[in-house]
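The values are calculated or read from the model by the stated rules, or taken from the named source; none is laboratory data. These numbers come from a predicted model, not from an experiment. FYI the Cβ positions are ideal-geometry reconstructions off the backbone, even for glycines, and counts take in every protein chain you see.
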Amino acid sequence: MITQLRGKLVEIHPTHAVIDCNGVGYWMNISLMTFSTLEHQENILIYTHMVVREDAQLLYGFATKLEREIFQKLISVNGVGPASGMMMVSTLSSKEIATAISSEDDKLLQSVKGIGAKTAQRIIIDLKDKLDPNLMDDVNSSSLKNKSKNEALSALEVLGISKKSAEKIMDKIISISPDADVEFLVKETLKKI
């Protein structure tokens, strides 16, 4: 089983990449999240998951171990294959998927193309108790941040500021002050607009 590759990024597209490892080129499926992370890099380390079938050997690549772990958990659910798993990790971030599972938000999971109500509920039932507790701690703390961010964005919209421009500024503020409350986020965003 190939678990990671370190080499030169020879070719990259939104759905796949080729990595040269000592003269051998490995073609692998990648998610959009991985594409955006690796797009302008040359020498990379990529975490992989290999699927061996009767008719093919497929390699899936991920920029982070967390993304690979979420993908592996998703494809362990009956009815979720690698194509659906890649679609999910391309559409939603690992944290969004974990949050949706822990908060039983089947609507968010259904927003992914090809994931219906039954599949979304099966994912929640199968994975709710199987996600890493450390990841769930991160998700729970980030959901509090998201609540503050959402409230601050709503307040700014009431003031007539576009959500898109406010969100970009607010993301920078949150990266510097991750524990910022609603009032602080609104004031700092207004200063920078």
Any hit, segment 169-179, residues being out of contact with any helix residue (DSSP H, G or I) (no Cβ under 9 Å at 6 or more places or on another chain), at pLDDT 80 or above and not assigned by TED's automatic domain parsing to the domain that holds Val77:
no
Residue count for segment 20-39, restricted to those that are within 22 Å of Arg53 (Cα to Cα) and of a type in the set (A, V, I, L, M)
3
What residue, among those in segment 175-193 that are outside any loop (DSSP other than H, G, I, E, B) and hydroxyl-bearing (Ser, Thr, Tyr), is surrounded by the most Cβ atoms within 10 Å (Cβ to Cβ)?
Thr189
Run Leu153 past the list (1) modelled with pLDDT of 90 or more; (2) within 23 Å of Ala180 (Cα to Cα); (3) among the aliphatic types (A, V, I, L, M) and report the number of the one that doesn't hold.
(1)
Residues that are in contact with a Lys or Arg (Cβ under 9 Å, 6 or more places away or on another chain): list the helices (runs of 4 or more DSSP H) wholly contained in segment 43-122 that include at least 2 such residues.
65-75, 82-91, 94-102
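Residue-by-condition table, conditions (1) surrounded by fewer than 19 Cβ atoms within 10 Å (Cβ to Cβ); (2) of a type in the set (A, V, I, L, M); (3) on the phi < 0 side of the Ramachandran plot:
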residue	(1), (2), (3)
Asp55	yes, no, yes
Tyr60	no, no, yes
Gln72	yes, no, yes
Pro82	yes, no, yes
Met86	no, yes, yes
Ile97	no, yes, yes
Ile101	no, yes, yes
Of (1) under 11 Å from the mean Cα position of the chain (by Cα); (2) among the polar types (S, T, N, Q); (3) outside the structural domain of Ala120 (by TED's automatic domain parsing), Thr91 fails just (3)
Within segment 31-58, residues free of Cβ contacts under 8 Å to residues at least 40 places away in the same chain, within 20 Å of Gly81 (Cβ to Cβ) and of a type in the set (A, V, I, L, M) come out as Val51, Val52, Ala56, Leu58
Somewhere in segment 14-27, is a residue at pLDDT below 95, surrounded by 18 or more Cβ atoms within 10 Å (Cβ to Cβ) and over 17 Å from Met87 (Cα atoms)?
no
